[in-house]
Amino acid sequence: MTRKAADCRDAPSVSGCSLYISGEEEEVVRAATEHAVSVHEHTDSPELRAEVRASLKDALPGT
């Protein structure tokens, strides 16, 4: 199974967040959503989870 990744550097952020999360798709969606809510003050919603899922890419080798 291909590991997926979410990278905060791909989205504009006033904090300049550089977090990179990789793992199985569901793990990354869950962790990235929790991060978006707790750090970037987004509201957890089906729409946010869909945005996170749509932004995933294949993880870099070795991550």
*Find the residue count for the range 40-63, including only residues that are out of contact with any Leu (no Cβ under 8 Å at 6 or more places or on another chain) and more than 23 Å from Met1 (Cα to Cα).*
8
*Residue list for the range 7-46, restricted to those being closer than 17 Å to Ala59 by Cα and aliphatic (A, V, I, L, M)*: Ala11, Leu19, Ile21, Val28, Val29, Ala31, Ala32
*What number of residues in the range 21-39 are under 8 Å from the mean Cα position of the chain (by Cα) and closer than 11 Å to Ala5 by Cα?*
5
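Does Thr2 count as surrounded by fewer than 16 Cβ atoms within 10 Å (Cβ to Cβ) and either in a helix (DSSP H, G or I) or not acidic (Asp, Glu) (or both)?
yes
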*Complete set of residues in the range 10-61 that are open to solvent by 90 Å² or more (accessible area, probe 1.4 Å) and part of a loop (DSSP other than H, G, I, E, B)*: Pro12, Val14, Glu24, Glu41, His42, Thr43, Leu60, Pro61
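The values are calculated or read from the model by the stated rules, or taken from the named source; none is laboratory data. Worth saying up front: this structure is predicted, and the values here are computed from it rather than measured. Heads up, the Cβs are rebuilt from the backbone with ideal geometry, glycines too, and the neighbour counts pull from every protein chain shown. Heads up: the accessible areas ignore ligands, DNA and RNA and are worked out on the full protein's heavy atoms, side chains in. Shrake-Rupley method; radii C 1.70, N 1.55, O 1.52, S 1.80 Å.
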